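Let me begin by presenting the structure, written as structure tokens, before commenting on it.
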Amino acid sequence: MNRNIVCIGAGYIGGPTMAVIAKMNPDRKVVVVDINASRIEAWNSPDFALPIYEPGLVDVVKEVRGRNLFFSTDIAAAVRECDIVFVGVNTPTKTFGRGAGMASDLQYWEATAREIKGYAEGDKIVIEKSTLPVRTAAAMEAILNDHAAHRFTVLSNPEFLAEGTAIRDLLEPDRVLIGGPQDEAGLAAIEEAVAIYATWVPRERILTTNVWSAELTKLAANAFLAQRVSSINAIAGLCEATGADVDEVARVIGADKRIGPKFLKAGPGFGGSCFKKDVLNLVYLCESFGLHTAAEYWHGVVKMNEHQQERIVSRLVREMFNTVANKRIALFGFAFKSDTGDTRETPAGAVARLLAEEHARLAITDPKALPNARRDLADLQDVVFEPDEYKAAEGADAIVLMTDWRHYPALDWRRLYDVMRKPALVFDTRNCLDAAALRAIGFRVLNIGK
Ligand code: NAD
Ligand code: UGA
């Protein structure tokens, strides 16, 4: 074993994860490869204009790039030279054929398995980093070990980092999970994978299981988090109808140590590339095994989420005298959460499209996500993209705050009020602004769950 690592897939997972592994394992060479040449070029850019925004990432890349971390499109050479292969390619929801809209599209995954087999010149440990349906490792093993000259051992090491806090989550994980076959070769491979993390993660936080438990745990963990968000959003609607305040309800529910305070923030619903995809994947798995009631239960989490965005638009239209046609609405924030430029499945996208159906004129502002927003909404008419919040608000009838960017509460809201049409409305879907102060300026204010 030469202990060197290759990671196939230089995206949100491959890039940050390998940067931290390289930082903490200076004696190992780590190569991140991708078929997307422009992405690799960005990872290698001399001025560190990396392809993704993540707080703290640039500093880690500056420290290790060229030392023991390398980005390349030469997949063949990287696979040949490394004994440990992480696979972090995308596993989106299938859009065609059986399981369309639910199951994972495993074509990128299978292509990688065939690449690894084609280029390998010795035994390898292959580690699933992507989130995959349970039992994918069996398919991977079957492809890799069929008439193979070398032995491939497949492990599952799902990633639990959240975007926006990726570097902190990687440096101080609650747990690292490594699943592997429970035979001699499997247990030895698990120990090799444990050694990568043990250079900085306390041993008791590195949990080992069989492969199927590891694969399923990742889907279940995301489903539990998504379910909490949908649960509090389901209560938010009831709060609006009854005069209760969802933030108060959440605070008190979360004070119960058995429940805990995290992931109880009502808002526009969860976005991001994974929650919806992973819950739907779980639904599909339940269906495939005949567990229809369990499938329906988890499907409710996604349905509730979509309903939340429809509810936001219905309420806004109602509050704007039942029409937003030709009214300018400024969306503050387009990223699915703060501290990221990622707009995949962002609630702001759903809200923008629903408002466009109502013929609203949209002005979209975001400190990091405008390039992605432009791409996502390219087919819509009557949308302007404006980095300056004050210009976005100019002539607007309403501001809808969609992303809880930290600087939004500190904006000059009097100045925003002055440039808007009256009556000026703010719909704070993150409940992060000082509603009383806004009302004192003259705004009409709507919140989620109040
Ligand atoms: P991404 O789309 O940002 O990156 C995937 C990369 O893989 C792309 O750059 C793509 O070009 C590359 N790729 C695809 N096929 C390839 C091939 N055959 N050879 C080489 N490169 C190939 O996706 P991501 O957000 O990094 O997610 C990757 C996986 O990690 C998914 O399964 C996701 O569920 C999981 N995950 C993501 C996060 C997150 O925060 N984004 C967190 C935990 C788990
Ligand atoms: C999530 C999980 O938190 C990670 O553990 C997991 O690794 C990752 O998915 C993945 O598999 O991709 P991420 O989607 O990056 O991470 O971000 P989260 O912080 O979980 O937020 C997800 C969405 O839920 C965001 O839109 C956020 O605004 C929303 N959310 C979160 C709420 O509306 N309320 C909350 O209380 C918490």
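The values are calculated or read from the model by the stated rules, or taken from the named source; none is laboratory data. Everything numeric here is computed off the predicted structure, so don't read it as measured data. All Cβ positions, glycine included, derive from the backbone under ideal geometry; neighbour counts span all protein chains shown.
Can you name the number of the only condition in (1) surrounded by fewer than 17 Cβ atoms within 10 Å (Cβ to Cβ); (2) away from ligand 1 (no atom under 16 Å from the Cβ) that A250 fails?
Tallying (1) surrounded by fewer than 17 Cβ atoms within 10 Å (Cβ to Cβ); (2) away from ligand 1 (no atom under 16 Å from the Cβ), A250 fails exactly one: (1).
Residue under question is T93, and the condition is that it be under 25 Å from D342 (Cα atoms) and at pLDDT below 95; does it hold? Break it down into steps so the answer makes sense when it comes.
On the way: under 25 Å from D342 (Cα atoms): yes; at pLDDT below 95: yes.
Answer is yes for this residue.
Inside the stretch 261-319, can you point out the residues that are more than 27 Å from V246 (Cα to Cα), among the small types (G, A, S) and not in a helix (DSSP H, G or I)?
G290
Which members of the stretch 134-162 meet the condition of being touching a residue at least 60 places away in the same chain (Cβ under 8 Å), under 24 Å from N4 (Cβ atoms) and surrounded by fewer than 20 Cβ atoms within 10 Å (Cβ to Cβ)?
Hit for the stretch 134-162 is L161, nothing else.
Here is a list: T131, T165. Which entry is surrounded by fewer than 21 Cβ atoms within 10 Å (Cβ to Cβ), within 16 Å of ligand 2 (Cβ to nearest atom), on the phi < 0 side of the Ramachandran plot and not small (G, A, S)?
Working: T131 fails: surrounded by fewer than 21 Cβ atoms within 10 Å (Cβ to Cβ).
One residue alone meets the criteria, T165.
Say we look at the stretch 184-222 and pick out the residues that are among the hydroxyl-bearing types (S, T, Y) and under 18 Å from C286 (Cα atoms); which of these is surrounded by the fewest Cβ atoms within 10 Å (Cβ to Cβ)?
Step one: list which residues in the stretch 184-222 are among the hydroxyl-bearing types (S, T, Y), which gives 197, 199, 208-209, 213, 217.
Imposing the further condition that a residue be under 18 Å from C286 (Cα atoms) reduces the set to 213, 217.
Working: S213: 16, T217: 19.
In this case the residue turns out to be S213.
With the requirement that a residue be crowded, with 17+ Cβ neighbours inside 10 Å and at positive phi, what does the stretch 1-47 give you?
Within the stretch 1-47, just G9 meets the criteria.
Out of all the residues in the stretch 320-339, is one or more of a type in the set (S, T, N, Q) and within 19 Å of A266 (Cα to Cα)? Reasoning before the result, please.
The first filter runs over the stretch 320-339 and keeps only residues of a type in the set (S, T, N, Q), leaving 322-323, 326, 338.
Still in the running and within 19 Å of A266 (Cα to Cα): 338.
Looking through the stretch 320-339, at least one residue is of a type in the set (S, T, N, Q) and within 19 Å of A266 (Cα to Cα).
Restricting the search to the stretch 349-363, which residues are in a helix (DSSP H, G or I) and among the acidic types (D, E)? Give the derivation first.
Initial filter on the stretch 349-363 (in a helix (DSSP H, G or I)): 349-357.
Listed by number, the list holds a single entry, E357.
For the stretch 168-182, enumerate the residues that are within 11 Å of ligand 1 (Cβ to nearest atom) and either surrounded by fewer than 20 Cβ atoms within 10 Å (Cβ to Cβ) or part of a loop (DSSP other than H, G, I, E, B) (or both).
Taking the stretch 168-182 as the starting set, the residues that turn out to be within 11 Å of ligand 1 (Cβ to nearest atom) are 169-170.
Answer for the stretch 168-182, where residues must be within 11 Å of ligand 1 (Cβ to nearest atom) and either surrounded by fewer than 20 Cβ atoms within 10 Å (Cβ to Cβ) or part of a loop (DSSP other than H, G, I, E, B) (or both): just D169.
Within the stretch 108-128, track down each residue that is of a type in the set (K, R) and surrounded by fewer than 23 Cβ atoms within 10 Å (Cβ to Cβ).
Here is the first cut: in the stretch 108-128, the residues of a type in the set (K, R) are 114, 117, 124.
Those that are of a type in the set (K, R) and surrounded by fewer than 23 Cβ atoms within 10 Å (Cβ to Cβ): R114, K117.
Any chance the stretch 268-287 includes a residue that's without any contact (Cβ under 8 Å) to a residue 60 or more places away in the chain and among the aromatic types (F, W, Y)?
no
Can you report the number of residues in the stretch 354-413 which are within 25 Å of A435 (Cα to Cα) and of a type in the set (S, T, N, Q)?
The total comes to 2.
List every residue pair whose Cβ atoms sit under 6 Å apart, with the two residues 6 or more apart in sequence or on different chains, where the first one lies in the stretch 320-348 and is farther than 20 Å from A398 by Cα and part of a loop (DSSP other than H, G, I, E, B) and the second, anywhere, is within 13 Å of ligand 1 (Cβ to nearest atom) and among the basic types (K, R).
What qualifies is E345/K276.
Which of the residues belonging to the stretch 254-301 are surrounded by fewer than 23 Cβ atoms within 10 Å (Cβ to Cβ), within 13 Å of ligand 2 (Cβ to nearest atom) and more than 20 Å from P158 (Cβ to Cβ)?
Once the filter is applied, which keeps residues that are surrounded by fewer than 23 Cβ atoms within 10 Å (Cβ to Cβ), within 13 Å of ligand 2 (Cβ to nearest atom) and more than 20 Å from P158 (Cβ to Cβ), the stretch 254-301 yields G254, I259, G260, P261, L264, K265.
Of the residues that sit in the stretch 240-253 and are under 8 Å from G449 (Cα atoms) and either in a loop (DSSP other than H, G, I, E, B) or within 15 Å of ligand 2 (Cβ to nearest atom) (or both), which one is farthest from the chain's Cα centre (by Cα)? Don't jump to the end; show me each part of the working.
Taking the stretch 240-253 and keeping what is under 8 Å from G449 (Cα atoms), we get 240, 244-247.
Cutting the leftovers down to either in a loop (DSSP other than H, G, I, E, B) or within 15 Å of ligand 2 (Cβ to nearest atom) (or both) gives us 244-247.
Working: A244: 31, D245: 28, V246: 25, D247: 24 Å.
Per the stated criteria, the residue is A244.
Do any residues in the stretch 1-17 that are closer than 22 Å to G56 by Cα have Cβ atoms under 9 Å from those of residues that are aromatic (F, W, Y) and modelled with pLDDT under 95, where the two are at least six apart or on different chains, and which pairs are they?
Within 9 Å, the pairs are G9/Y108.
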